[in-house]
Each structure stands twice: as C-alpha cells, then as structure tokens.
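One structure below.
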Amino acid sequence: MADKPLLEVDRLNIRFNTPTGIAHVVRDVSFTLGREKLAIVGESGSGKSQTARAILGLTTGHIAAERLAFDGHSLLDLTLAEWREIRGRRITMVMQDPKYSLNPVMRVGDQLMEAAARKIPKAQRRDRAMEMLEAVKIRDPERVFRAWPHELSGGMGQRAMIAMMLVTEPELLIADEPTSALDVTVRLQVLAILDDLVKTRDMGLIFISHDLNLVSTFCDRVLVMYAGRVMEELDAHRLNEAKHPYTKGLLACTPSLDHPVDVLPTLKRDPSWLSA
C-alpha cells in the first residue's frame, strides 16, 4: 500500500430512525485503502453495502465518523457541488445487478456518453465510450454501444456497467457483489477485467462479496463484518488462518470439494461479539 492512503475510514457509524427506534447498522468501522483490492465480506445485513454507500454519500442514514477522507480530503459535510466533483468522477460504484442499474429506456452507448459528460469534452465522448467497452473485453463494442439494456446478457450487461463506471477514469471503484448473478465462466472473465484495471490504471478497489473462497484468491486484504462491526482484518491469502470465531464459522460453512462432509455446520453466534 502507498504511504498516503487513498481512503481513510476511522470509527464510521451509521444510524437509521425507524418506527421502533434507532437502528445502529454500522458501528465504529475503521480501515484504510491504498491502490489495492480490499474485500469486505460478511452475511447479508452485516453493514457492507451501507459502509460503501457512506463513502459515496449515498446512504439515507445519519453518518458520524472521526475521519472519512478520500485522497486526504474529508468527505464529511461536503456540499452538493463538491460531491459532484468526486462521486461518479473520482469514486464510482458498480451495483450488483445490471438489470436494475442500466436505464431501460436509453441505449447503452447513450448512457456511457452521459457518464462521460461529467469529465470528457463532447467531441471525445463517443470515442471514450468505445474505448471503455473494448477495455472490458467486449468483442463487438459497436453492437453493444447501439444496444438497449434488455438486449444484453447478464454478463454483457455487467461489463457495460463496469465500462460506464470507468469512463471517467476513477481512482476508486466500489464493486458491490459484481459477479453474484453471473455464471462461473463469465465471473472469471469479469474478475480478470477488474484485476487488470486495478493494475494498469493504478486504482483502488473495494470488493463486496459473500464468497470467501473467491476473495481469498482475488483480493489483497479482507475485512470481515458482522452486525455492523469489523470482526477481523487480515491478508487475503491468509484467510484460512483467521483467528476470530465468526470468520472461522463462515469458512466452516463453506462447502469444499477437497473435504466433503454430509452436513455442513451451522454458524453459532456469540453475543459477546457485539460488545468486543
């Protein structure tokens, strides 16, 4: 990691007002990110996506933090104009399912050029859009450029979404379960694209996932979350050496072809994890 972190998160808390009281969904989460691939893993409801949305200023909850900074500049209390300079330009996010992220009544190329309009001169937008479609290994970029979202497969739609998020050449890309709806072959292709982009464009990547086996081989570091808290942080290649019982429990619940069992164990939760 570089000496100067690209992203600094120190004691991030997110709360929502609900009819039954205050829901504290993210609790004192802290981490830094350089030009690397950081995975955030955990069960549904653990606070992964809310943490990512807070970084982009997109959560509807109340945010509090000791420090939340990108490239040395605080993200807390930015004006709308200041957010426009960062969100979609320097920090972008790929959502889980392209069916719900691409505008169904706009051609893919028009959406790419609309995204490029935030940073690229008008005369260069079409060329940049085509360049990004080629960068994500789309074989016939001209066809995809002219296509409507419903004409694309899941894998092709996800590639188009990645291209759209990269058209402004961001420094930080947040990918929220970007491969969960894809088959194995397409998933490997999308991961290879993300890996290549991080290396060649010197980006930082936050990769949100449920798949521990995947992140152990794809990412550099792993942040394990449970009930809004960080339980453990460790190098991805050392995930099998995890010390926290929650991480161990997640790993034990993962099927293994090398060590098959008749019945997978059930994850046992300890209330003390919430007060640690």
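The values are calculated or read from the model by the stated rules, or taken from the named source; none is laboratory data. All figures in this text were calculated on a predicted structure; none of them were measured in a lab. Here the Cβ positions follow ideal geometry from the backbone for every residue, glycine too, while neighbour counts run over all protein chains shown.
Residues that are modelled with pLDDT under 85, under 27 Å from Ser101 (Cβ atoms) and either out of contact with any Pro (no Cβ under 8 Å at 6 or more places or on another chain) or not in a loop (DSSP other than H, G, I, E, B) (or both): does region 249-268 have at least one?
no
Looking at Met130 and the list (1) surrounded by fewer than 18 Cβ atoms within 10 Å (Cβ to Cβ); (2) more than 17 Å from Leu173 (Cβ to Cβ); (3) out of contact with any Ser or Thr (no Cβ under 8 Å at 6 or more places or on another chain), which single condition is not satisfied?
Among (1) surrounded by fewer than 18 Cβ atoms within 10 Å (Cβ to Cβ); (2) more than 17 Å from Leu173 (Cβ to Cβ); (3) out of contact with any Ser or Thr (no Cβ under 8 Å at 6 or more places or on another chain), the lone unmet condition for Met130 is (1).
Please list, ordered by first then second residue, the pairs with beta carbon atoms under 6 Å, 6 or more apart or interchain, first in region 166-195 and within 28 Å of Arg126 (Cβ to Cβ), second assigned to a loop (DSSP other than H, G, I, E, B) and among the β-branched types (Val, Ile, Thr).
Val190/Thr179; Ile193/Val136
Hey, among the residues in region 252-267 that are over 19 Å from Gly47 (Cα atoms) and either in contact with a helix residue (DSSP H, G or I) (Cβ under 9 Å, 6 or more places away or on another chain) or touching a residue at least 12 places away in the same chain (Cβ under 8 Å) (or both), which one's surrounded by the most Cβ atoms within 10 Å (Cβ to Cβ)? Explain how you work it out, then say what you get.
Pass one, region 252-267, residues over 19 Å from Gly47 (Cα atoms): 252-266.
If we keep only those that are either in contact with a helix residue (DSSP H, G or I) (Cβ under 9 Å, 6 or more places away or on another chain) or touching a residue at least 12 places away in the same chain (Cβ under 8 Å) (or both) too, we end up with 252-254, 256, 264-266.
Details: Ala252: 15, Cys253: 13, Thr254: 11, Ser256: 11, Leu264: 12, Pro265: 9, Thr266: 9.
This residue is Ala252.
Would you confirm whether or not region 16-31 contains a residue that is of a type in the set (D, E, K, R), surrounded by fewer than 21 Cβ atoms within 10 Å (Cβ to Cβ) and in a strand (DSSP E or B)?
Checking region 16-31: at least one residue is of a type in the set (D, E, K, R), surrounded by fewer than 21 Cβ atoms within 10 Å (Cβ to Cβ) and in a strand (DSSP E or B).
Quick grid of which residues meet (1) β-branched (Val, Ile, Thr); (2) closer than 16 Å to Met164 by Cα; (3) in contact with a strand residue (DSSP E or B) (Cβ under 7 Å, 6 or more places away or on another chain):
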| residue | (1), (2), (3) |
| --- | --- |
| Gly34 | no, no, yes |
| Gly42 | no, no, yes |
| Gly45 | no, no, no |
| Thr51 | yes, no, yes |
| Ala69 | no, no, yes |
| Arg107 | no, yes, no |
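Being in contact with a Gly (Cβ under 7 Å, 6 or more places away or on another chain), surrounded by fewer than 20 Cβ atoms within 10 Å (Cβ to Cβ), modelled with pLDDT under 95 and not in a strand (DSSP E or B) narrows it down to one residue among Arg53, Arg118, Arg89; which is it?
Arg118
With the structure loaded, tell me whether Leu239 is modelled with pLDDT of 95 or more, crowded, with 19+ Cβ neighbours inside 10 Å and either in contact with a strand residue (DSSP E or B) (Cβ under 9 Å, 6 or more places away or on another chain) or not in a strand (DSSP E or B) (or both) or whether it fails that test.
Judged against the criteria, Leu239 is not a match.
Do we have Gly204 as of a type outside the set (Lys, Arg) and within 13 Å of Gly42 (Cα to Cα) here?
No; evaluated as a whole, the condition is false for this residue.
Tell me, yes or no, whether region 242-253 has at least one residue that is touching a Cys at 6+ places or on another chain (Cβ under 7 Å) and closer than 27 Å to Leu6 by Cα.
The answer is no, given that none of the residues of region 242-253 is touching a Cys at 6+ places or on another chain (Cβ under 7 Å) and closer than 27 Å to Leu6 by Cα.
Whether any residue in region 172-182 is surrounded by 16 or more Cβ atoms within 10 Å (Cβ to Cβ), hydroxyl-bearing (Ser, Thr, Tyr) and under 30 Å from Thr59 (Cβ atoms) is what I want to check.
Within region 172-182 (the criterion being surrounded by 16 or more Cβ atoms within 10 Å (Cβ to Cβ), hydroxyl-bearing (Ser, Thr, Tyr) and under 30 Å from Thr59 (Cβ atoms)), the answer is yes, since at least one residue qualifies.
Can you name the number of the only condition in (1) in contact with a Pro (Cβ under 9 Å, 6 or more places away or on another chain); (2) at pLDDT 95 or above that Gly34 fails?
(2)
In region 183-206, which residue that is surrounded by fewer than 19 Cβ atoms within 10 Å (Cβ to Cβ) and assigned to a loop (DSSP other than H, G, I, E, B) is nearest to the chain's Cα centre (by Cα)?
Applying the filter and picking the extreme gives Asp202.
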